[in-house]
Structures are given as structure tokens and as C-alpha cells.
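Remarks on the structure that follows.
The values are calculated or read from the model by the stated rules, or taken from the named source; none is laboratory data. These numbers come from a predicted model, not from an experiment. Cβ placement follows ideal geometry from the backbone for every residue including glycine, while neighbour counts extend to all protein chains displayed. Calculation scope for accessible area: heavy atoms of the full protein, side chains included, ligands and nucleic acids excluded. Shrake-Rupley method; radii C 1.70, N 1.55, O 1.52, S 1.80 Å.
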Amino acid sequence: MQDQILIGGKWLDGAGGDRISVTDPATGKEVATVAAGTPADATAAVDAAAIAQKQWAQTPPRERAEILRNCWSTLLAHSDELAEIIVREHGKPLADAKGEIAYAAEFFRWNSEEAVRIHGSIGTAPAGNNKIIVRHPPVGVVVMVTPWNFPAAMITRKVAPALAAGNAAVIKPAKETPLTALRIGELLHEAGVPAGVVNVVPTLTAGSWFEAATAHDATRMVSFTGSTEVGRVLLKRCADRVLKVAMELGGNAPFIVFNDADVDAAVEGAMTAKMRHSAETCTAANRFFAESEIADAFTAKLAKAMGAIKTGSGFDESVTCGPLINADAVLTVTALVDEAVNSGAQVAVGGSAIAGSGFFYEPTVLGNVAEGSAITTQEIFGPVAPIISFTDTDAMIDQANDTEMGLAAYVYSGDIGRGLNVCERLESGMVGLNRGAMSDPAAPFGGMKQSGLGREGASEGIYEFCETQYIAASW
Ligand code: SIN
């Protein structure tokens, strides 16, 4: 297991000698310690990235593409090992962890295909006296701050397009899940990524680490996935140096079920939208709006499906929901459910934290949830489905849009025209129509409003890591 930081292709102990304690959330016990990077290490990582990036940007796109494709096959070849690391430090079920590695690796395959298709343009100026040439060089050094909920995929979703475009990366993985990040750093080198192009520096001092990394003259961009609250703080810091930013922030996804929906399909989609990766995704369905005639059937069937979930260690193959990430997460979910119940919500199933070791909460369905309860306005990040019944579609859409978050939304209807019409009225960057899952490296992932800036994946994703240069030319 790799437990040192990666700077300029070398494995090092952090300059301060501190170690990060990594905990298995299924037991609450330490499973490893990892060297903790300091602000000086962040500076050293940007130094190394700045040197390596110059050469990497000169590497022909086809060569970069082939290295990225090697990264894809190398990660897949180590899928079992990486998935076990994820389960150990994150807790999600092994099958989900393997799914995450396939998803994570796919960003390399997709971007290996995009690396040779970064197109500019050439045209004649309207006055006819010069040409307008537009090209897209890489940004340079990109600082990446990644979350714990997808310890592999949230790294590769940034690194793959950044490298494809000719950038170098300095990654600060979440302190909860550094082991996956370090092993990925190691495997990318084995796959042919040159020393210094990818640097991985976990830390215990996120604020001063980030200050140092972004104060460095060579840093030109920050790409962050995490909460809107932290995103705002990072944006302010980036403003001081006018850094380019890409932000994937919080969500509060509505999941809307109309009377004409196939209720079994809606429940199946709801289970995916809510419970994927132990209910700890930014795209997780956070509020369920069920039209009045279908609300009882939907609630009963969803409660049955949620009640059948087995929680426990991700290494147990019969488990489909792992622990929450830490004790604070259990307290947050408990407070949200308790407040909703005190305001009149009915517990259809679950409703409590699970006593014993580890950080578990029962899969829970709440019916009759009052509009405006904290559970409908805050991101739950836990296995709880609050259901609100509605009769007036316009009022429901206003309610669904009554949030500063606009990442994901889901619509179930048997009438595709009606469904599409509602999709268009939702203020969300991504909408699943009769689908509970939509994440795909080939699609643009990102949010509207305070859910983020920019898009990851698809053909747009690579341009986030590019500048635009225009050359006015006469010949
Ligand atoms: C996230 O939770 O931030 C990412 C979810 C996904 O990629 O599906």
C-alpha cells in the first residue's frame, strides 16, 4: 500500500513529518496512516508540475492519447486491488467500488479519444483584411481538490481531460480517502505518465496547503469537487490570482413521479438515484415529489425496497449499503430526520442510526414531509428518502426549483412529451427522464446556479482545461 506523497515522480514523507490516520468507516478503526503534505510540499509539487508540464504540452497529442489509453487499461487491470482499497477507506460495497473503478478508468479512455480532437478554427475577418485563427493551448498547472465520496472517479474525471489537453496536475485528495489517490498516482506512472505530470499530496492542513498551491505563480487553474460552502471559500481565494476555475458543488435533486409513471420503474430508478454508492453522491435524489394518485403506492413500494437493503461492511457481498463516512455524518442525518418527524413526517421504514461499531444509518423513507423542512432544503448525503405529495404541477416545479442548487433532477412519466416539458422547466444541469442514473464520461456533468461552474466529461470537459488564443494573421 502506498503511504507517501508523490511529488515529481518521487515518493516522499511530508516536510512536517505528520501522518494522516485513515479510518474504516464500517468499524471506526484506523486501517493505515499516510504521510501528510505541508504547504511547502504543495509548493514543491507545483514546482515539479510546472517543469514537467512544459515537456508534456510538447508531447504530440497522439502520444499523450496512447499514454492515457494505457492509464485506462492499467486501472482496469488493477480493478480488484483498487476496489478493495476504496472499500477499506470509504466503506462502499465492493460491487460499487468495482463499478467506480470502471467509471474512473473510462475517463481515461474517453479523453484519450478526445486528446487528438482539440479543434480550433480559422476564418476570414468580416472586413476581409486578415484571418482569425483560434487555438486552444493547455492552461498549465491545475490544482485539483477532490472529495471522499468517489475516491477514484472524482480524480480521474479531472486528471484525464487535463492531461489530454497537455496540463500537469497537483492533486489534494480528501484526507478520508488518500490511499486510493496515491495508488492511482503510482499506477498512472506505471502506465507511462511522466514524472511530475501528476503529483498527489494529501494533507491535514487543507487551508494553508491550498493557499500555498494557489499562491504559486505557475498555478493557473483550480478544479474542485465538494460542497458549495467550501467552493465559495476557494473561489474567493482564486479571485486573488484570477485563476481559471471549474467547480462541481452541492446538489439538492428533486425526483418527480407523475401519476402516469410506471410505479415499479420509478421505484427502481429511485433506488438508484437515492442509494447509488451508499447514498453519498452529489446527484442523489434529495426530495421526492409524488403526484397524489400515485404517492401511496410509490411510498409503499419504495419503503419495501429500502427496507430490504442490507447495510454493513462493504466486503460482505450481500451488503448493498455501506456506512456513512464518519460519526458527524450520522449526527447530521439523524438531526435532519428527527426535525422532519417532529414537523409531521411519517416514518415508512427506518428512521434511526444503527447502534454498534461503524457509522451506519438505516435506509429510511419518510412520507408526508412538510414543505420547507430542513431535510428538503439541505443535502442529506445519507440513505433517507423524504416524499412530498403534490397535485399542482406548476406549484411542484416552483418548489423543485426553489433552491440555490441545480445539479441533478429526475422525472418519471409515461408521457414522454410531458416528461420532456418538465425537464426543460427544471433549473438543473442534468436531468434523468425515466432514468435514475445519468453519470457518463461521455456526457457533460455539472450544475446550474450554486451547484457549480463548468462541465466535466463529454467533449466540453477537455476545453475547461484549455485557454483560447486568437491570432490575427495577414499573409
Ligand atoms: C458526485 O457525487 O460528485 C459525483 C457523482 C457521479 O459522478 O455520478
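Can you find, within the range 361-381, the residue that is farthest from the chain's Cα centre (by Cα) among those that are part of a strand (DSSP E or B) and in contact (Cβ under 8 Å) with a residue 60 or more places away in the chain?
Once the filter is applied, the top-ranked residue is Gly367.
Would you confirm whether or not the range 39-53 contains a residue that is in contact with a strand residue (DSSP E or B) (Cβ under 9 Å, 6 or more places away or on another chain), part of a loop (DSSP other than H, G, I, E, B) and at pLDDT 95 or above?
Taking every residue of the range 39-53 in turn, none turns out to be in contact with a strand residue (DSSP E or B) (Cβ under 9 Å, 6 or more places away or on another chain), part of a loop (DSSP other than H, G, I, E, B) and at pLDDT 95 or above.
I'd like to verify a number: residues in the range 409-424 that are farther than 17 Å from Glu268 by Cβ and buried (at least 16 other Cβ atoms within 10 Å of the Cβ), how many?
Going through the range 409-424 one residue at a time, the tally reaches 3.
Yes or no, residue by residue, for (1) touching an Asp or Glu at 6+ places or on another chain (Cβ under 7 Å); (2) over 15 Å from Gln346 (Cβ atoms); (3) without any contact (Cβ under 8 Å) to a residue 60 or more places away in the chain:
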{"position": "Thr281", "(1), (2), (3)": "no, yes, no"}
{"position": "Glu293", "(1), (2), (3)": "no, yes, yes"}
{"position": "Ala300", "(1), (2), (3)": "no, no, yes"}
{"position": "Lys304", "(1), (2), (3)": "no, yes, yes"}
{"position": "Gly307", "(1), (2), (3)": "no, no, yes"}
{"position": "Lys310", "(1), (2), (3)": "no, yes, yes"}
{"position": "Gly314", "(1), (2), (3)": "no, yes, no"}
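Pick from Ala195, Ala218: which is open to solvent by 10 Å² or more (accessible area, probe 1.4 Å), in contact with a Gly (Cβ under 6 Å, 6 or more places away or on another chain) and within 30 Å of Ser112 (Cβ to Cβ)?
The conditions single out Ala195.
Please work out if Arg64 is part of a helix (DSSP H, G or I), modelled with pLDDT of 95 or more, away from the ligand (no atom under 16 Å from the Cβ) and not acidic (Asp, Glu).
Here the answer is yes, as Arg64 does meet what is asked.
Does Ser459 qualify as being in contact (Cβ under 8 Å) with a residue 24 or more places away in the chain and out of contact with any strand residue (DSSP E or B) (no Cβ under 9 Å at 6 or more places or on another chain)?
yes
Checking Lys98 against (1) in contact (Cβ under 8 Å) with a residue 24 or more places away in the chain; (2) open to solvent by 10 Å² or more (accessible area, probe 1.4 Å); (3) within 16 Å of the ligand (Cβ to nearest atom), which single condition isn't satisfied?
(1)
From (1) closer than 24 Å to Glu100 by Cβ; (2) surrounded by fewer than 19 Cβ atoms within 10 Å (Cβ to Cβ); (3) outside the structural domain of Cys466 (by TED's automatic domain parsing), pick out the condition that doesn't hold for Asp264.
Here Asp264 meets the rest and fails (1).
Which of the residues that make up the range 37-71 are open to solvent by less than 40 Å² (accessible area, probe 1.4 Å) and within 19 Å of Ala152 (Cα to Cα)?
Residues satisfying the conditions are Ile67, Leu68, Cys71.
Looking for whichever is closer than 29 Å to Ala297 by Cβ, surrounded by fewer than 19 Cβ atoms within 10 Å (Cβ to Cβ) and within 15 Å of the ligand (Cβ to nearest atom) here; the options are Ala437, Ala458. Which one fits?
Within the list Ala437, Ala458, the selection yields Ala437.
Results for (1) more than 16 Å from the ligand (Cβ to nearest atom); (2) free of Cβ contacts under 8 Å to residues at least 12 places away in the same chain; (3) touching a Pro at 6+ places or on another chain (Cβ under 6 Å), shown as yes or no for each residue.
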site	(1), (2), (3)
Gly123	yes, yes, no
Pro151	no, no, no
Ile171	no, no, no
Thr177	no, no, yes
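Which one is most open to solvent (accessible area, probe 1.4 Å), of the residues in the range 267-306 that are more than 17 Å from Pro363 (Cβ to Cβ) and in a helix (DSSP H, G or I)?
Restricting to residues being more than 17 Å from Pro363 (Cβ to Cβ) and in a helix (DSSP H, G or I), the top hit is Glu293.
Residue check: is Glu176 touching a His at 6+ places or on another chain (Cβ under 8 Å) and either open to solvent by 10 Å² or more (accessible area, probe 1.4 Å) or among the basic types (Lys, Arg) (or both)?
Criteria met by Glu176.
I'm told Phe390 meets every condition in (1) out of contact with any Leu (no Cβ under 7 Å at 6 or more places or on another chain); (2) more than 21 Å from Ala305 (Cβ to Cβ); (3) open to solvent by 20 Å² or more (accessible area, probe 1.4 Å) except one. Can you identify the failing condition by its number?
Among (1) out of contact with any Leu (no Cβ under 7 Å at 6 or more places or on another chain); (2) more than 21 Å from Ala305 (Cβ to Cβ); (3) open to solvent by 20 Å² or more (accessible area, probe 1.4 Å), the lone unmet condition for Phe390 is (3).
Can you pull out the residues in the range 241-269 that are more than 16 Å from the ligand (Cβ to nearest atom) and in contact with a Ser or Thr (Cβ under 7 Å, 6 or more places away or on another chain)?
Scanning the range 241-269 gives Arg241, Leu243, Phe258, Asp260, Ala261.
For the range 8-38, what are the residues that are over 30 Å from Val116 (Cα atoms) and part of a loop (DSSP other than H, G, I, E, B)?
Asp13, Gly14, Ala15, Gly16, Gly17, Asp18, Pro25, Ala26, Thr27, Gly28, Ala36, Thr38
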